[in-house]
């Protein structure tokens, strides 16, 4: 029982206490790729620890039921002490609630992924008919007056730029846009977004999942900007962002301006003032806070309740 209590305590700290300071920290803007890893490790670890806690509760009920005594003490209150009845009811309720939560997460995530795949397949079919390749760029051009660019994460991936954007972008800026979208494809950023979005919808009152969704959405854009800056100059990326920021009237599915373009431009023009040693120290602190949870989960599971 001591191991189980320690697991629940660490689970609550990582799901409630860690996310808010992590979302307010300054170092993720300087190291977005590392911050993405920290957020996803936190999300996956907390989810796995929660499932382990549910399974441990169910195992405790099965091991100590003594041929169904726990169930009988729930329906026959007079045949057992009050404390035994209370423990049995709590264990059974926790097991049922936890199983329902796991099933809800699986259902919401699976439904969202099916919808995304269906939408991507339909969009690719439309692109095959309407879009045309761009000479010299690994992208497709779609006839649309509004400047926009996006990627479709199907097999092989497709980068799409509207004709409105292509007419406004210089060749260097067009290449920067393609590198930005390729960073999303190579980093499987659509999967990160799908995971955090599904968990936020399934458990809207859990601080970790509510804060991870906007944080991951912001960090994947910063990470893609960094890749584009490594292949092109930062001022070229800034110029491309300014062109795409004018994407008014663009369909929501094709809109590139996520409301963070001014922040991204400011970041590229002015390197964050956070010192590397301070940023690395802060990142190490968050990792130290998260790190014990998987170890405690394994320790609690192997030791029973």
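List of remarks:
- Odd one out for residue 190 among (1) without any contact (Cβ under 8 Å) to a residue 40 or more places away in the chain; (2) part of a helix (DSSP H, G or I): (1)
- Inter-residue pairs, beta-carbon under 6 Å, first surrounded by fewer than 20 Cβ atoms within 10 Å (Cβ to Cβ) and in region 18-36, second not in a helix (DSSP H, G or I), 6+ apart: 26/274; 29/272
- Residues satisfying the stated conditions in region 3-12, i.e. more than 20 Å from residue 213 (Cβ to Cβ) and touching a residue at least 40 places away in the same chain (Cβ under 8 Å): 3, 4, 6, 7, 8, 10
- Flag for residue 149 being at pLDDT below 90 and under 17 Å from residue 244 (Cβ atoms): yes
- Residue check for residue 243: modelled with pLDDT under 90, in a helix (DSSP H, G or I) and either over 13 Å from the mean Cα position of the chain (by Cα) or at positive phi (or both): yes
- Scanning region 164-179 for residues that are part of a loop (DSSP other than H, G, I, E, B) and surrounded by fewer than 17 Cβ atoms within 10 Å (Cβ to Cβ) turns up just one, 170.
- Within region 264-295, considering residues that are closer than 17 Å to residue 228 by Cβ and in a helix (DSSP H, G or I), the one modelled with the lowest pLDDT: 269
The values are calculated or read from the model by the stated rules, or taken from the named source; none is laboratory data. As the structure is a prediction and not an experimental result, all values here were calculated from the model. Because the Cβ atoms are built from the backbone with ideal geometry, glycine has one as well, and the counts that use them run over all protein chains shown.
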